[in-house]
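S.K.: Could you have a look at this structure, given as structure tokens, before my questions?
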Amino acid sequence: MKETHGNLKQLLNKLQYSKYGWHICGDLKVVSLLMGLQLGYTKYCCFLCERDSRAKTLHYLKTDEPQRKSLKVGEKNVQHPALAE
């Protein structure tokens, strides 16, 4: 099964995730899918902060990145509503 937003949504529905509220363990790709983020080389790649992945001159130099305030569809690489809390 390919890791896509639609497949993950269907899997969580079949497992009745919303009913049981289990903890989900996964790699960063799965976390990005759960949060509804765009995959691949994106401008704001982190699901926690607004780290600019294209600012190569600041990589490993800037240590404090602003936290994301929201995950609105259509803003900062958010393509889908979040599948899990």
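S.K.: Computed FRET efficiency, Cβ-Cβ of ILE24 and GLU75, R0 22 Å: what is it to the nearest 0.05?
M.R.: On the way: r = 23 Å, r/R0 = 1.07.
Once the sixth-power term is evaluated, E becomes 0.40.
S.K.: Still on this structure, I have one more. For ALA55 and GLU85, what does the FRET efficiency come to when R0 = 41 Å and r is the distance between their Cβ atoms, rounded to the nearest 0.05?
M.R.: Values: r = 30 Å, r/R0 = 0.74.
Once rounded, the FRET efficiency stands at 0.85.
S.K.: Can you give me the relative contact order of the chain as a percent, contacts being Cα pairs under 8 Å and 6 or more apart?
M.R.: Normalised by residue count, the contact order of the chain is 29 percent.
S.K.: Using volume of the Cα convex hull per residue in Å³ as the read-out, say which of [x] 125; [y] 82; [z] 109 was calculated from these coordinates.
M.R.: This structure yields the entry labelled [z].
S.K.: Listed highest first by mean packing, meaning other Cβ atoms within 10 Å per residue, what order do 35-41, 13-19 come in? Each step should come with its number before you reach the end.
M.R.: Working: 35-41: 15.4, 13-19: 10.6.
Sorting 35-41, 13-19 by mean packing, highest first, produces 35-41, 13-19.
S.K.: Which value in deg cm²/dmol, rounded to the nearest 500, describes the helix-derived mean residue ellipticity at 222 nm for the chain, given -39,500 (n - 2.57) per DSSP H run of n ≥ 4 and division by the residue count? Could the numbers behind the result be given before it?
M.R.: Working: 3 runs with 22 residues, N = 85.
One gets -6500 deg cm²/dmol as the mean residue ellipticity at 222 nm.
A short reminder: the numbers here are calculations on the coordinates, not readings from a lab. Here the structure is a predicted model, which is why all the values come from computation and not from measurement. Glycine also receives a Cβ, built like all others from the backbone with ideal geometry; neighbour counts cover every protein chain displayed.
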